1. Give the number of residues within the stretch 302-316 that are touching a helix residue (DSSP H, G or I) at 6+ places or on another chain (Cβ under 9 Å) and open to solvent by 50 Å² or more (accessible area, probe 1.4 Å).
2. For the stretch 268-319, which residues satisfy the criterion of being of a type in the set (S, T, Y) and more than 14 Å from L81 (Cβ to Cβ)?
3. Scan the stretch 29-37 and tell me whether some residue there is hydroxyl-bearing (S, T, Y) and either modelled with pLDDT under 85 or loosely packed, with under 12 Cβ neighbours inside 10 Å (or both).
4. In the stretch 178-203, what count of residues is obtained for those that are outside any loop (DSSP other than H, G, I, E, B), farther than 14 Å from D82 by Cα and not hydrophobic (A, V, I, L, M, F, W, C)?
5. Could you go through the stretch 27-42 and let me know if any residue there is part of a helix (DSSP H, G or I) and within 30 Å of F112 (Cα to Cα).
6. If we scan the stretch 60-67, do we find a residue that is assigned to a strand (DSSP E or B), open to solvent by less than 90 Å² (accessible area, probe 1.4 Å) and over 28 Å from Y327 (Cα atoms)?
7. Does N212 satisfy the criteria of being at pLDDT 85 or above, more than 25 Å from the chain's Cα centre (by Cα) and among the polar types (S, T, N, Q)?
8. Free of Cβ contacts under 8 Å to residues at least 12 places away in the same chain and surrounded by fewer than 17 Cβ atoms within 10 Å (Cβ to Cβ): which single residue out of K193, K201 fits that description?
Amino acid sequence: MKKVTFVTAKKGFTLVELMAAMAITSILIIVIVSLTNRGVDIWRTVFQDVRAMGQARTALDLMMQDLESMQVRGGNNFQWLDVERDSGLLNNKSMELGPKGAQASNAARLIFFTTATDRNPPMMSGEAQVYNSRMMTRRETIGDINCVGYKLVYRDQILDEDASDSYNMGFPVYALYRNLIPSNRTFDDLLGKTDLSQAYKRYEADEARPMNFLVENIVEMTLIFEVEYRERQESQNQNSTAWIEVQPVPIIATGKARSGTFRELEIFGNRINAESVGGRNTDMIYGTVKGVTINLSVVTDEGMVIVDQVRRNRRSAPKPEDFFRRYTRSYSQRIDLPKPN
């Protein structure tokens with residue numbers, strides 16, 4: 001008699017179960033991918049913030065050191081500081097502040113005297129030889145005061161090429177340049193001048209030299225000086241003139257030409273000239289500059305890619321308010337200025 005063996009069939013998944021499992025897996029994958037993308041976005045934003053903060057900190061720290069050591073000698077008619085709004089519309093296209101449709105709207109040019117920690121900047125070999133020779137013969141007269149100029153430039157500082165034309169294959173950036181004039185040239189050419197801006201013109205060509213590059217991605221620089229002065233006001237009770245104390249008074253040395261802004265601020269040894277939109281403010285002539293606030297706007301690397309695409313005509317320029325809200329970070333630093341000697 002044959003032995004009969006019964007085989008029990010294994011039960012598999014039904015189509016409904018497979019579809020349910022696939023749906024659950026798909027949902028989990030979507031959630032994981034979404035969380036991963038969100039994490040990458042957060043990391044990118046944090047990285048951009050940290051990098052922008054580092055760039056701003058580099059610029060603010062050096063400007064703070066220079067301004068804290070600013071030199072103003074009282075009792076003379078020599079000019080010690082000049083700050084003015086920079087339109088960026090210079091003959092040299094490489095000096096323009098951005099491509100058409102993506103130009104910086106706020107920029108200041110700053111020139112003043114300071115006892116810089118890096119007193120004498122690097123020079124060419126021939127310049128160094130002449131300088132060392134003059135230092136040996138005039139050591140007692142040259143002193144330790146340097147003239148320094150700060151300026152925003154849109155330029156390819158690596159290739160050192162014109163940045164305005166779309167044919168340029170480099171990658172120009174908004175950059176802050178610091179032009180530190182050696183103490184011997186400061187002594188010979190710039191100290192004791194009644195028009196510092198005019199005397200400084202011979203050094204304007206050196207402003208955008210690669211050796212003067214400070215930090216990239218600085219798209220805007222606004223300087224707000226605080227001036228303490230006495231304002232003359234007619235008394236209501238009698239025909240006499242009363243003097244009242246007004247402090248502080250912010251002077252916006254850059255920005256669009258509108259009421260309350262100033263085109264230029266000049267500090268002399270015996271007066272202050274503040275050129276506003278409506279003319280010179282005569283009340284501030286005998287005031288005192290107490291401090292300055294530096295406002296810097298830094299463009300993120302992602303924003304600079306968009307600017308370069310605009311420069312190459314690969315996309316239209318974004319709305320300024322949208323661009324600055326998304327791709328820029330703003331930083332400020334207030335500095336107390338020393339009293340005139």
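1. Summing the residues that are touching a helix residue (DSSP H, G or I) at 6+ places or on another chain (Cβ under 9 Å) and open to solvent by 50 Å² or more (accessible area, probe 1.4 Å) in the stretch 302-316 gives 4.
2. Within the stretch 268-319, the subset of a type in the set (S, T, Y) is 276, 282, 286, 288, 293, 297, 300, 316.
Hits for the stretch 268-319 are S276, T282, Y286, T293, S297, T300, S316.
3. Step one: list which residues in the stretch 29-37 are hydroxyl-bearing (S, T, Y), which gives 34, 36.
When the remaining residues are screened for being either modelled with pLDDT under 85 or loosely packed, with under 12 Cβ neighbours inside 10 Å (or both), the result is 34, 36.
Yes, because at least one residue in the stretch 29-37 is hydroxyl-bearing (S, T, Y) and either modelled with pLDDT under 85 or loosely packed, with under 12 Cβ neighbours inside 10 Å (or both).
4. Step one: list which residues in the stretch 178-203 are outside any loop (DSSP other than H, G, I, E, B), which gives 178-180, 183-190, 196-203.
Filter once more, so that each one left must be farther than 14 Å from D82 by Cα: 178-180, 183-189, 202-203.
Next, from what is left, pick out any that are not hydrophobic (A, V, I, L, M, F, W, C): 178-179, 183-186, 188-189, 202-203.
Total satisfying the criteria: 10.
5. Of the residues in the stretch 27-42, the ones part of a helix (DSSP H, G or I) are 27-42.
Narrowing further to those that are within 30 Å of F112 (Cα to Cα): none.
So far as the stretch 27-42 goes, no, none of its residues is part of a helix (DSSP H, G or I) and within 30 Å of F112 (Cα to Cα).
6. Going through the stretch 60-67, the residues assigned to a strand (DSSP E or B) turn out to be none.
No, the stretch 60-67 contains no residue that is assigned to a strand (DSSP E or B), open to solvent by less than 90 Å² (accessible area, probe 1.4 Å) and over 28 Å from Y327 (Cα atoms).
7. Numbers: at pLDDT 85 or above: yes; more than 25 Å from the chain's Cα centre (by Cα): no; among the polar types (S, T, N, Q): yes.
Considered against the rule, which asks whether it is at pLDDT 85 or above, more than 25 Å from the chain's Cα centre (by Cα) and among the polar types (S, T, N, Q), N212 comes out as no.
8. Values: K193 fails: free of Cβ contacts under 8 Å to residues at least 12 places away in the same chain.
Exactly one of K193, K201 is free of Cβ contacts under 8 Å to residues at least 12 places away in the same chain and surrounded by fewer than 17 Cβ atoms within 10 Å (Cβ to Cβ), namely K201.
The values are calculated or read from the model by the stated rules, or taken from the named source; none is laboratory data. None of these values were measured; they are calculated from a predicted model. We place every Cβ from the backbone using ideal geometry, glycine too, and count neighbours over all the protein chains shown. Each accessible area value is taken on the protein alone, full model and side chains, heavy atoms only, with ligands, DNA and RNA left out. Shrake-Rupley method; radii C 1.70, N 1.55, O 1.52, S 1.80 Å.
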